[in-house]
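Input: a single structure, listed below in structure tokens.
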Amino acid sequence: MYIVIAGGGDIGALIAQSLHNDHDVVIVDRNAAVVDRMSALDVRVIVGNATDPEILREAGVDQADAFIATTNSDEVNLIASMLAKGLGAAQSLTFLGKAYYVEVLTDPRTMEILGTRIDRVFWPQRALAKEVLEVVLIPKALDTEVIAGGRLRLIEYMIDAESSYAHRLAADLDWPRGVKLLGVLREGQFITPHDPDFRDLVLEPGDHLVFVTTQGGFPVLHSLFAGSDRVRRVFIVGGGTVGYMIAKRLRESRVEVVLIEQDTERCEFLSEELSGVLVIQGDGTDLSLLEQEGLESADALIAVTDNDEKNLLVSLLAKQLGVEKVVTRVSRSETRTLFERVGVDIPLTPRQAAVREVIAYLAPEGVERLALIEDAVEVIEVQVPPELDGALLEELDLPPHTTVVAAMRGWRVVLATEELRLKAGDELILMASREEVARVAERFKGG
């Protein structure tokens with residue numbers, strides 16, 4: 001694909017880093033320093049304004065399969081996206097930060113006027129809120145995602161010092177029916193059951209186990225790691241857009257919510273809009289306030305202010321008070337590792353959450369991207385072509401780091417085993433390294 005990206009900042013850089021190995025990427029940015037910043041990537045950089053039609057022509061938007069506007073200005077992104085589409089870009093995608101613009105662009109009356117000038121809007125705050133909610137509502141889970149139309153769930157748990165699975169061979173463990181272990185995350189490395197190292201892998205405290213489960217298998221698996229626990233009380237520090245969306249959804253899930261926000265005017269808005277949520281005006285880094293409101297009894301704390309330092313301090317205070325799960329917003333992706341090292345359970349960045357949505361949207365023909373594991377391994381869906389009807393998994397000749405996870409036949413889901421025989425039309429779910437996705441797509445192209 002030929003892809004033009006407007007903006008070489010954090011979001012644009014993350015997208016370019018994800019795509020440059022397999023696609024032709026051009027970046028347009030007003031800042032000449034972007035040329036040096038992108039020097040390690042196989043991309044072309046044009047210095048100029050993305051709202052200038054001549055600059056867009058120079059970037060070749062008339063030949064672009066996708067134009068992606070990622071600057072820090074909503075207005076620039078909107079204008080650039082519409083110009084690019086008008087100049088001939090096949091798809092025009094834009095990032096927005098303001099809720100107002102998102103509401104306007106998703107209004108059917110607006111779309112009737114604009115037509116298809118903007119094909120897809122990405123809102124990092126909404127993507128982050130979605131990720132936070134998915135992981136907070138399930139005790140002990142570090143990450144979770146529902147895929148395959150709700151028929152399968154990806155879920156990640158950590159081995160702690162008291163776990164009955166600690167110091168045992170991963171290959172010797174049996175899991176419930178409807179559960180498949182996809183791999184073990186250890187210090188950034190994802191080890192799957194097909195890797196040579198897996199046979200001798202002894203699970204240690206701190207290891208993360210990544211599973212796929214059916215609807216029936218999930219409750220059984222979850223009871224092994226979390227017993228009968230459920231989320232009852234959650235603290236949120238930061239009442240901005242993300243905090244508001246999270247609080248609203250948690251109350252809809254019958255969770256008791258305490259929301260701490262420093263700004264008086266914002267507190268008044270939150271109190272009016274969030275029925276049943278206890279809104280407190282105060283500083284979330286005030287230890288006496290946290291103790292007074294009973295943070296130690298909370299099942300989780302979510303720190304989502306727009307200040308990384310404040311989020312980090314709140315998170316460390318929560319861990320000191322014994323809160324089991326702490327989810328923290330991190331503005332810069334490179335800071336995420338630091339947060340993990342000092343004890344934050346789940347640091348998330350809105351930009352990375354939205355970038356994952358972009359990568360999924362730009363999947364190769366015939367491939368649907370379902371999830372991303374540790375920004376390196378993708379879970380994808382392909383359809384079995386007629387010529388592979390009746391084939392066994394071992395006959396597929398897949399790339400070395402590709403694993404078949406499950407097959408879907410109508411509403412029936414079959415977790416993969418060596419005896420699984422494919423049928424034409426099966427929707428096959430696979431796990432592959434990002435570098436292998438294009439090869440997998442070619443294998444199932446058909447014809």
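Values quoted throughout were computed directly from the atomic coordinates according to the rules given, and no laboratory measurement underlies them. Source: prediction; values computed, not measured. Glycine gets a Cβ as well: all are built from the backbone with ideal geometry, and neighbour counts include every protein chain shown.
In this structure, does VAL355 turn out to be out of contact with any Cys (no Cβ under 9 Å at 6 or more places or on another chain), closer than 23 Å to ASN72 by Cα and crowded, with 22+ Cβ neighbours inside 10 Å?
yes
Just one of the numbered conditions (1) touching a Phe, Trp or Tyr at 6+ places or on another chain (Cβ under 9 Å); (2) closer than 18 Å to THR213 by Cβ is not true of ALA171; which one?
Condition not satisfied by ALA171: (2).
List the number of the failed condition for GLU272; all other conditions in (1) part of a loop (DSSP other than H, G, I, E, B); (2) without any contact (Cβ under 8 Å) to a residue 12 or more places away in the chain; (3) not aliphatic (A, V, I, L, M) hold.
Status for GLU272: all satisfied but (1).
Which of the strands (runs of 3 or more DSSP E) found entirely inside region 1-98 contain at least 3 residues meeting this: within 23 Å of the chain's Cα centre (by Cα) and surrounded by 23 or more Cβ atoms within 10 Å (Cβ to Cβ)?
Hits in region 1-98: 2-6, 66-69, 92-95.
Tell me the residue from THR328, THR305 that is in a loop (DSSP other than H, G, I, E, B), crowded, with 21+ Cβ neighbours inside 10 Å and among the β-branched types (Val, Ile, Thr), please.
When all the criteria are applied, what remains is THR305.
Say whether the condition of being in contact (Cβ under 8 Å) with a residue 24 or more places away in the chain, surrounded by fewer than 17 Cβ atoms within 10 Å (Cβ to Cβ) and in a loop (DSSP other than H, G, I, E, B) is met by at least one residue in region 426-437.
So far as region 426-437 goes, no, none of its residues is in contact (Cβ under 8 Å) with a residue 24 or more places away in the chain, surrounded by fewer than 17 Cβ atoms within 10 Å (Cβ to Cβ) and in a loop (DSSP other than H, G, I, E, B).
Within region 199-216, identify whether any single residue is in a helix (DSSP H, G or I) and surrounded by 15 or more Cβ atoms within 10 Å (Cβ to Cβ), and answer yes or no.
No, that holds for no residue.
Somewhere in region 150-163, is a residue touching a helix residue (DSSP H, G or I) at 6+ places or on another chain (Cβ under 6 Å), touching a residue at least 12 places away in the same chain (Cβ under 8 Å) and polar (S, T, N, Q)?
Checked region 150-163: no residue is touching a helix residue (DSSP H, G or I) at 6+ places or on another chain (Cβ under 6 Å), touching a residue at least 12 places away in the same chain (Cβ under 8 Å) and polar (S, T, N, Q).
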